[in-house]
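Asker: The structure is given below, and queries will be raised subsequently.
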Amino acid sequence: MSDGNFSENVQDPRARMVARAAREIAPGMVVNLGIGLPTKVIDHLPEGFPVCLHTENGMAGIGPTLPYEAADRNLIDAGGAYVSPLPGTSYFDSAVSFALVRSGRLDLTMLGAFEVAESGDLANWKIPGKFSPGAGGAIELAQKARRVVVLTTHTDRKGNPKLLRQCTLPLTARGHVARIFTDMAVVDVTPRGFALVELASGTTAKEVQEATGATLHLPAGDIPTF
Amino acid sequence: MSDGNFSENVQDPRARMVARAAREIAPGMVVNLGIGLPTKVIDHLPEGFPVCLHTENGMAGIGPTLPYEAADRNLIDAGGAYVSPLPGTSYFDSAVSFALVRSGRLDLTMLGAFEVAESGDLANWKIPGKFSPGAGGAIELAQKARRVVVLTTHTDRKGNPKLLRQCTLPLTARGHVARIFTDMAVVDVTPRGFALVELASGTTAKEVQEATGATLHLPAGDIPTF
Amino acid sequence: MSLPDKTTTMEEAVAAIPDGAVVMLGGFGVPGTPFTLIHELVRQGKRDLTVIKNDANEAGMGVDHLIVAGLMRKLIVTHLGLNANAIAAMNEGRIKVELCAQGILAERIRAGGAGLQAILTDIGLETELAEGKQVIEMAGKRLLVEPAIRADVALIHADCADPFGNLTYLATARNFNPPMAMAAERVIVETERLVPLGGISPDAVETPGVFVDHICPLTQISEEYGVVRR
Amino acid sequence: MSLPDKTTTMEEAVAAIPDGAVVMLGGFGVPGTPFTLIHELVRQGKRDLTVIKNDANEAGMGVDHLIVAGLMRKLIVTHLGLNANAIAAMNEGRIKVELCAQGILAERIRAGGAGLQAILTDIGLETELAEGKQVIEMAGKRLLVEPAIRADVALIHADCADPFGNLTYLATARNFNPPMAMAAERVIVETERLVPLGGISPDAVETPGVFVDHICPLTQISEEYGVVRR
């Protein structure tokens, strides 16, 4: 965790994406961070920042992760990391945990993605024939958080775009992604499709468009960088 | 509460009915006693008898009722009586309280009645135009307890029978009453209709038949008394 | 990270409730009824309310004040037999009353709090409680569709709260409070005790603060909360 | 009145489970998994089991023993990504796997425990999780019918129990244990600690003993329960 401020001047593009995503969290929010890149957002929150982190295995108010030696065997997050409580943390069962998600008490979820469509469709749980371990809690997080944002590299390992006109993989949820943070840009899902909001410093709008599998609408004026 | 044994030699016919009904409770049962006559069954259980009494406002393991001076303002039963906990009592919310009832964990409920039909139909919550305060928890108790028995005077204040071929009042539940304890008799609901099981001492089968609004099938041999 | 502070005054919390609101009230009889919040509703003269509560309390206390003051349009309830005012208001058409089976009311509220749309149940089939309700067939069985209920506001009585809104209740004062505290757009809590963050063990929390919007510490426990001499 | 004693041995409690049983297992990852009861299932060689659990644990622990021993016919689960044995058994057709959205599995189990027949939800609509499910229309909205789930047996891991079966859990070891402990014909609990009746405050009980059939005190906490070094 950083020291009282959001992180600045992060060099690595992925770390910069994560640091930028952290600024998406407003004081007082209830937030669920998905497994993988989203979990790292926690490291970029200012110390003492007023936020309630939720994990779907039954905890609101996640504190810092603990090393093996200091871990409590009964206290993990949904990704299996050993975490700690804060003053004011609560534990609850799995039914209550998703009651919170489905009834609108989760202000924000940050999820990973295989594919995101310009309509806000998300695919992040199944690659038929290759990978189908079950969706866990992703369906409900993606469908019911008040705001759904995605953290992902802009392209896959082979350089293929992950932001597409339509998803080709089985969907997690339809039409709920509002914003995408990548190593190249911040992109909003709008009624017109993808809209470029910010550029990673050193990246051009042209490069982002070339790495995107759908039209990228550009803003009228200057494009902020992160 | 009596002293280590079920009550014997009770003189008053209503008290005798209640004492007889108490012997319906087997050790280890989970039991809900409805408001009115059924609540009095508690006074006829032997001290230390192993039974878990449930009240629908959120308690399993009711202990003795308390006088005004000793009452806890936060601890009542569903009828508003101030009760006490036992070692091993638990409190829970109203959703859990009826989860227990509907899911088959309630072994026995004892309810009052306006009318009981020979098919086991029960009417005990509404007299149209006169009395319709709502059924509270009665519908679920009558429909879902593993065994439903009724405690009632055999006739109403005007001497009209309460055990009938068909109920005339709105039903609480259809076909669930198994046994009826009255001031005159113990009557079972069978596939053939009402069957006389026991007689209050000093009462004849003929008298019971005359006070009953349906055919009363008599047992082959002697009829036990209570 | 730290957890935000939701303490406020009762005046302010109740001021945000609009006329015409659907309001859930915790409590079963006296225990768990948010008597002080109800008084504040009356003091601020909130009108045309739809109230959801297990029972109508008794004459002269709790929900009865809303009936007497003419602030209630509709009451969704399981039993109002102990309050002659409520029965009279129903019979004279001054309030509309919807009667529910008690456990089904609890489950409909819980379903609202759990973000479900409805439950399917056989409770009340073949009784007049089933009249007018949607019936569907599932695996050859006829079942009633009982829609989830959510409210604009839930008024909750807790024994103990921390500033984030984690709550505990005492004995049978729990009753409808936990499901209602999950099922409203705005959850306002009156609490007998306020402890600092960390003052309630994370395992002991009965309503997680995530569901709660406003915490109002009570400055006194009026006699309405006491033992009723009958 | 007094509350009955339900303590017994693990051997005896598990012996009553028939081959072919539908068995719920508490736990999410390591915390709350009834590892010792699972070992006893394997030792007694119960066959043809249908297992309902959040996840398939990891290779070499918990539910994996049932897969490796060939005792499991079907697994109803939300995620099995951490257990390569489970994925292989699924891909090779040795076990049938039914995948559920996590919160919907929890709610289906809870509905079973609450004596409801089903819940109606929009979760999973327009995804392949909706395939083959009954859809109904309520108030103009299409909704999925998700049937309640009950099991023949639930195996539960508690931190603390009293002889009547009142239970408490620790931290995130709670997870699926409370809803499962309400949703089975026979509920068997392994507990790290056994306290006398009255040893758990009535307000602190997380699973009321009314739902519980057998209490088996653990004599040791094997390394499976420990912190996993990754």
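The values are calculated or read from the model by the stated rules, or taken from the named source; none is laboratory data. The structure presented is a predicted model; accordingly, all values stated were derived computationally and were not measured. FYI the Cβ positions are ideal-geometry reconstructions off the backbone, even for glycines, and counts take in every protein chain you see.
Asker: Does any residue in the range A:72-92 that is at positive phi come within less than 9 Å, Cβ to Cβ, of a residue that is of a type in the set (Val, Ile, Thr) and modelled with pLDDT of 95 or more six or more places away or on a different chain, and which pairs are these?
Answerer: Note: pairs meeting the criteria are A:Gly80/D:Val30; A:Gly88/C:Ile200.
Asker: Output the residue which, of all residues in the range D:181-200 that are among the hydrophobic types (A, V, I, L, M, F, W, C) and more than 21 Å from the chain's Cα centre (by Cα), is surrounded by the fewest Cβ atoms within 10 Å (Cβ to Cβ).
Answerer: D:Val195
Asker: Which ones in the range C:201-221 are among the hydroxyl-bearing types (Ser, Thr, Tyr) and farther than 19 Å from C:Ala171 by Cβ? Walk me through it before giving the result.
Answerer: Within the range C:201-221, the first condition is being among the hydroxyl-bearing types (Ser, Thr, Tyr), and the residues that meet it are C:201, C:207, C:219.
Residue satisfying the conditions is C:Thr219 alone.
Asker: Among the residues of the range B:199-222, is any in a loop (DSSP other than H, G, I, E, B) and of a type in the set (D, E, K, R)?
Answerer: yes
Asker: Now a separate question. Just name the residue that is nearest to the chain's Cα centre (by Cα) out of those in the range D:85-98 that are more than 10 Å from chain A (Cβ to nearest Cβ) and either of a type in the set (A, V, I, L, M) or on the phi > 0 side of the Ramachandran plot (or both).
Answerer: Among those residues, the one meeting the criterion is D:Ile95.
Asker: Sticking with this one: Can you tell me which residues in the range B:103-114 are crowded, with 24+ Cβ neighbours inside 10 Å, outside any loop (DSSP other than H, G, I, E, B) and not β-branched (Val, Ile, Thr)?
Answerer: Once the filter is applied, which keeps residues that are crowded, with 24+ Cβ neighbours inside 10 Å, outside any loop (DSSP other than H, G, I, E, B) and not β-branched (Val, Ile, Thr), the range B:103-114 yields B:Met110, B:Leu111.
Asker: Pairs, please: C-beta under 6 Å, at least 6 apart or cross-chain, first residue modelled with pLDDT under 95 and in the range B:114-131, second of a type outside the set (A, V, I, L, M)?
Answerer: B:Asn124/B:Gly112; B:Asn124/B:Phe114; B:Asn124/B:Thr172; B:Trp125/B:Thr172; B:Lys126/B:Ser132; B:Lys126/B:Pro170
Asker: Right, something else. Being more than 10 Å from chain C (Cβ to nearest Cβ), in contact with an Asp or Glu (Cβ under 7 Å, 6 or more places away or on another chain) and closer than 21 Å to D:Val227 by Cα is the filter here; which residues of the range A:83-128 pass it?
Answerer: Listed by number, the list holds a single entry, A:Val83.
Asker: Looking only at the range C:201-214, how many residues end up being more than 7 Å from every other protein chain (Cβ to nearest Cβ) and more than 21 Å from the chain's Cα centre (by Cα)? Don't jump to the end; show me each part of the working.
Answerer: Quick first cut of the range C:201-214, residues more than 7 Å from every other protein chain (Cβ to nearest Cβ) only: C:201, C:206-207, C:212-214.
Filter once more, so that each one left must be more than 21 Å from the chain's Cα centre (by Cα): C:201.
So the count comes out to 1.
Asker: Let me ask something else. Which residue out of C:Ala111, C:Ala106, C:Ala101, C:Ala139 is facing another protein chain (nearest Cβ under 9 Å), on the phi > 0 side of the Ramachandran plot and aliphatic (A, V, I, L, M)?
Answerer: Values: C:Ala111 fails: on the phi > 0 side of the Ramachandran plot; C:Ala106 fails: on the phi > 0 side of the Ramachandran plot; C:Ala101 fails: on the phi > 0 side of the Ramachandran plot.
Of the residues listed, the single one that is facing another protein chain (nearest Cβ under 9 Å), on the phi > 0 side of the Ramachandran plot and aliphatic (A, V, I, L, M) is C:Ala139.
Asker: Can you list the strands (runs of 3 or more DSSP E) found entirely within the range D:12-97 that contain at least 3 residues being surrounded by fewer than 24 Cβ atoms within 10 Å (Cβ to Cβ)?
Answerer: In the range D:12-97, the matching strands (runs of 3 or more DSSP E) lie at D:72-77.
Asker: Also, I was wondering about something else. Filtering the range C:198-214 down to residues that are assigned to a loop (DSSP other than H, G, I, E, B) and in contact (Cβ under 8 Å) with a residue 40 or more places away in the chain, which residue is farthest from C:His157 (Cα to Cα)?
Answerer: C:Ile200
Asker: Among the numbered criteria (1) closer than 21 Å to C:Leu125 by Cα; (2) not in a loop (DSSP other than H, G, I, E, B), which single criterion is violated by B:Val96?
Answerer: Among (1) closer than 21 Å to C:Leu125 by Cα; (2) not in a loop (DSSP other than H, G, I, E, B), the lone unmet condition for B:Val96 is (1).
Asker: Just one of C:Leu125, C:Leu143 is part of a loop (DSSP other than H, G, I, E, B), aliphatic (A, V, I, L, M) and in contact with a strand residue (DSSP E or B) (Cβ under 8 Å, 6 or more places away or on another chain); which is it?
Answerer: Being part of a loop (DSSP other than H, G, I, E, B), aliphatic (A, V, I, L, M) and in contact with a strand residue (DSSP E or B) (Cβ under 8 Å, 6 or more places away or on another chain) holds for just one of C:Leu125, C:Leu143, which is C:Leu125.
So that you can scan it fast, the table gives a plain yes or no per residue for (1) more than 9 Å from chain A (Cβ to nearest Cβ); (2) assigned to a loop (DSSP other than H, G, I, E, B); (3) out of contact with any Cys (no Cβ under 7 Å at 6 or more places or on another chain); (4) of a type outside the set (D, E, K, R):
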position	(1), (2), (3), (4)
C:Pro178	yes, no, yes, yes
C:Met182	no, yes, yes, yes
C:Ile188	yes, no, no, yes
C:Thr191	yes, no, no, yes
C:Pro196	no, yes, yes, yes
C:Cys216	yes, no, yes, yes
C:Thr219	yes, yes, yes, yes
C:Arg229	yes, yes, yes, no
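Asker: Starting from the range A:30-46, take each residue that is away from chain C (no Cβ under 14 Å) and list its partners that are in a helix (DSSP H, G or I), counting only C-beta distances under 6 angstrom and pairs at least six apart or across chains.
Answerer: Final answer for the pair search is A:Lys40/A:Val18.
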